1. Here's a check for you: in region 152-206, which residue that is polar (S, T, N, Q) and under 16 Å from the mean Cα position of the chain (by Cα) is farthest from Gly385 (Cα to Cα)?
2. If a residue has to be within 25 Å of Asp247 (Cα to Cα) and among the charged types (D, E, K, R) to count, how many in region 265-289 make the cut?
3. Please give the number of the condition Leu125 fails out of (1) in contact with a Gly (Cβ under 9 Å, 6 or more places away or on another chain); (2) crowded, with 18+ Cβ neighbours inside 10 Å.
Amino acid sequence: MDSELPFTQPTIPGFRHVPRTGVIFVMSRAERQGFTYENKAWANLGQGSPETGGLPNAPERIDAVTAAAPTRKYSPVAGERLLREKVAALYNDLFRQGKESKYTYENVSIAGGGRLSLTRIAAALDDINMGHFLPDYTAYEELLSTFKSFIPIPILLSADSGYQISADALRQEILGRGLAAVLLSNPCNPTGQVLQDYRLRSWLNVARETGCTMIMDEHYSHYIYSETNNPHNIVSAAQFVEDVETDPVLIVDGLTKNWRYPGFRISWTLGPKSVIETLSSAGSFLDGGANHPFQAQAIAMLDKDYTIAETNAIQKSFKTKRTYVLDRLHQMGITVDAVPSGAFYIWANLSDLPEPLNNGMTFFEEGLKEKVITVPGVFFDVNPGHRRRQYARYKNYTRISYGPELETLERGLDAIERMIAKHKK
């Protein structure tokens, strides 16, 4: 893989080779072929970004941010107290009605985007074994290899099981591998599978029983296309936390996906106060605090009514797009091992396509000729430190995003259809 990446090794002493994430790799290659965000001839079905314009019945979009005098100063490393209080109140309103244990601002840490929240967590981990799943989010690879205090241990999910794992099987993984923490995206990027209701509750029971911390990346938790037992149809581990101070659960979310403001780079982590204090200490040397003016803007977006209205609009619009993309791919002979019930990705199996399009990397390269971007499946074989030397596990897969507007999806799928037709000839 490294030899295929479009940049050179550092040429001065003291620096190591740092690979790019899968999305940055494909976007760099596309830019070399003429892609720009303004060029309407291209269809970006690779980048994990939701459409950021207006949706029917959604709250109005923010067109301007004002940097009032107080926000021109440094933000507290843990985030503005008003925003932390707003995050805690939202989770209490949505998930903790009738529960004695509630989140407060002291259970919330604000950071500059989801990856930075996860980086603070990784920097604060002790010398432990940390479980992670395959396939999963490409950016986890460098995150899990940069900090040397913990050992990342993969847990393989199979297509035969629908990329799911039972609570009993998880318990065996934790006990057998001596895991003190497990990292996962829920809903999962790239498969779109969701851990919800009794299954999510059973996982948290396992966490308490085994003393294993669950680090829940919930950035797609509002993109749910099946009914849940939460009245707002949002999935979060917060619903099943018994005691916010003692349950070994961290929740990471932000404005990027669920509020459709990826450019704001505002995220948060919820957890026990003692852990939040540790994350603030990590943030003090890693980043120094999140963007101050954007924190002030985020407060209004975290009103319960605003959040529910945005979620309802997202679910209706993105469910329609999901159906459209699945139908088009089926007509082209591209299969899907497990229909996504969350997020906005299709984990597409290319095995039935003619050679060489049945290879995700070739599929991507040929797609560039038709001005469409996808992400090869091999990038989701998260391999911290490149301890495993083979990348063949997901070579016949690609990730296709239905985050963009319908017009872009139509243009991109037309391009894929042309590409397949040429190779069939």
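Values quoted throughout were computed directly from the atomic coordinates according to the rules given, and no laboratory measurement underlies them. Just so we're clear, the structure is a prediction, and the values are computed from it rather than from any experiment. Virtual Cβ from ideal backbone geometry, glycine too; neighbours counted across all protein chains shown.
1. Taking region 152-206 and keeping what is polar (S, T, N, Q), we get 158, 161, 164, 166, 172, 185-186, 189, 191, 193, 196, 202, 205.
Right, trim to under 16 Å from the mean Cα position of the chain (by Cα) and you get 185-186, 189, 191, 193.
On the way: Ser185: 20, Asn186: 24, Asn189: 21, Thr191: 23, Gln193: 26 Å.
My answer is Gln193.
2. Total satisfying the criteria: 2.
3. Here Leu125 clears every test but (1).
Residue by residue, here is whether (1) touching a residue at least 12 places away in the same chain (Cβ under 8 Å); (2) part of a loop (DSSP other than H, G, I, E, B) holds:
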| position | (1), (2) |
| --- | --- |
| Pro13 | no, yes |
| Arg16 | no, yes |
| Val26 | yes, no |
| Gly54 | no, yes |
| Ser75 | yes, yes |
| Leu83 | yes, no |
| Ala88 | yes, no |
| Tyr103 | yes, yes |
